[in-house]
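The values are calculated or read from the model by the stated rules, or taken from the named source; none is laboratory data. Keep in mind it's a predicted model, so treat the numbers as computed, not measured. Here Cβ is always computed from backbone atoms with ideal geometry, including for glycine, and neighbour counts include all displayed protein chains. Ligands, DNA and RNA are excluded from the accessible area calculation, which covers all protein heavy atoms including side chains. Shrake-Rupley method; radii C 1.70, N 1.55, O 1.52, S 1.80 Å.
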Amino acid sequence: METVTRFAPSPSGRLHLGHAYSALFAAKAARDAGGRFLLRIEDIDKGRSRSEYETGIYEDLAWLGLRWDEPVRRQSDHMADYRHALGRLEAEGLVYPCFCTRKDLREEAARSIAAPHGPDGPLYLGTCRHRSAAEAAERVASGEAFALRLDMARAAARTGPLTFTDRVLGKTAVEPESCGDVVLARKDIATSYHLAVIWDDALQGVTLVTRGMDLLHATHIHRILQALLGLSEPEYHHHRLLTDDSGRRFAKRDRAETIRAMREAGQPAHAVRARAGFPD
Ligand code: GLU
C-alpha cells in the first residue's frame with residue numbers, strides 16, 4: 001500500500017520551528033517510503049483563522065523546500081461533510097446536547113477535585129447526559145446554546161476494545177475512560193478538531209499520521225470515532241516536540257522565532273532546515 005502522510009496546520013498564527021520540524025518529518029516519511037505528502041489547512045475555527053496566515057503557511061513551506069500534492073484541502077470548505085458524520089453519530093444515539101456554560105464547567109471542576117482527570121484537565125461529569133430526551137429537545141427548540149458531546153461509555157460499548165499502532169510506542173490500548181464525553185460540535189464551531197481530522201484523514205487516504213506527542217491523547221478519541229464511523233485506521237507516528245535552547249517548546253506567541261522572521265532576517269532555508277533537525 002502506498003504511504004500517504006500529511007501536515008495539517010491551523011492558520012491561526014505564523015509557523016515556527018516546531019511546525020517546520022513536523023512538516024519536514026511528514027514529508028520525509030512519505031519520501032522514504034516513495035509515497036505522497038499532503039497539506040491540509042485546518043481552519044474550522046473561523047474566529048481564530050486568518051487568510052494571511054494560510055498564505056504564510058504556503059510561503060513558509062515552499063521556502064523550506066517542501067512540495068505537496070494539490071489541491072490542498074481546506075476544512076472550512078467541507079463543513080457539510082463533518083455535519084454528515086455528526087448526523088450519523090446522532091442518529092445512532094451516541095451524541096447528546098450539553099447546555100453547560102463555561103462557568104458551569106468551571107464550578108463543576110472546582111467542586112469535584114476527586115473527579116477523574118484526563119490530560120486536558122477534569123473530565124466532564126455528564127450533567128447533561130442525564131437529562132431526559134424531552135427536556136433536552138425542549139431546550140434545543142427554545143434556542144438555548146448547546147454543544148454536542150459524544151457519550152463515551154455508549155461509544156466504547158459499541159466499539160468494544162480498540163488499539164492503535166504507533167511506530168515508536170507499538171500497539172497501544174485505547175482508553176475511552178481517560179477521554180470522557182468529548183465535545184464534537186459547538187454553537188460557534190459546527191464540528192470539532194477530532195471529527196474533522198479523522199474524516200479527512202480517511203477521505204484523503206492518509207495511511208500514516210505523523211504529529212507531535214502532544215496529540216497522543218487525541219489519538220485515543222480518534223480511534224473510537226474511526227471505529228464508530230467505519231473509517232480506515234491509519235498507522236501513527238507521534239514525534240518528539242522540538243524545544244528551544246532553554247528547553248521550552250516553540251509556540252505561536254514567540255514572534256521572533258517564526259519561519260517568516262528567519263526568512264526575512266536572511267537565514268538560508270538549509271540552515272533553518274538543519275536547525276529543525278532535517279539537514280537535507
Ligand atoms: N491542526 C492541528 C494543529 O495544528 C494538527 C492536527 C493533526 O496533525 O492531527 O495542532
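The table below gives the values:
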| item | result |
| --- | --- |
| Debye log10 I(q)/I(0) at q = 0.13, 0.31 Å⁻¹ for region 169-223, Cα point scatterers | -0.37, -1.33 |
| Estimated FRET transfer efficiency (residue 159, residue 275; beta-carbon r; R0 51 Å; 0.05) | 0.75 |
| Beta bridges by DSSP in the chain, antiparallel share as percent, to the nearest 5 | 55 |
| Cleavage-rule hits, GluC sites (Glu not before Pro), region 138-215, DSSP coil, Cβ neighbours within 10 Å at most 16 | 144 |
| Sum of side-chain charges, residue 234 neighbourhood, beta-carbon under 13 Å (Lys, Arg +1; Asp, Glu -1) | -2 |
| Binned Cα-Cα distances of region 209-280, short to long, each 10 Å bin given as a whole percent | 15, 36, 26, 18, 5 |
| Principal-axis tilt of helix 51-63 within the chain, Cα atoms, nearest 10 degrees | 40 |
| Lone cysteines, the chain (no partner Cβ under 4.7 Å) | 100, 179 |
| Alpha-carbon Rg/Rh ratio, for the chain, with Rh computed the Kirkwood way | 0.99 |
| Nearest-20 debye value, region 8-121 charge dipole, Cβ charges on Lys, Arg, Asp, Glu | 140 |
| Residues of the chain: accessible area per residue with a 1.4 Å probe, Å² | 49 |
| Rounded to 10°, Cα long-axis angle of helix 216-229 versus longest principal axis of the chain | 60 |
| Per-selection Kirkwood Rh - region 1-118 (Cα, Å, 1 d.p.) | 17.3 |
| Extension reserve of the residue 115-residue 261 stretch, reckoned as 0.36 nm per residue once the Cα distance is removed | 48.1 nm |
| Under 16 Å from the Cα of residue 103 - aspartates and glutamates, other chains or at least 8 residues apart | 144 |
| For the chain, built as a Gaussian network whose Cα springs stay under 10 Å, the top-fluctuating residue of 121, 65, 205 | 121 |
| Label-zone membership for region 142-176, site residue 83, 7 angstrom Cα→C-beta point, backbone N under 19 Å | 142-149 |
| Percentage, to the nearest whole number, of Cα pairs in region 41-99 over 12 Å apart | 76 |
| Rg and Dmax of region 161-255, Cα atoms only, in Å | 14.8, 44 |
| Fraction of antiparallel bridges per DSSP, region 100-241 only, in percent to nearest 5 | 55 |
| Rg over Rh, two decimals, region 85-153 (C-alpha only, Kirkwood Rh) | 0.99 |
| Average silhouette area of region 39-178, convex hull of alpha-carbon atoms, in square nanometres | 12.6 |
| Long-range HN-HN contacts of residue 117 with modeled amide H, under 5 Å | 123 |
| Most fluctuating residue given options 14, 131, 83, as computed from a GNM of the chain linking Cα atoms under 10 Å | 131 |
| Protein accessible area in the chain, 1.4 Å probe - carbon and sulfur % | 51 |
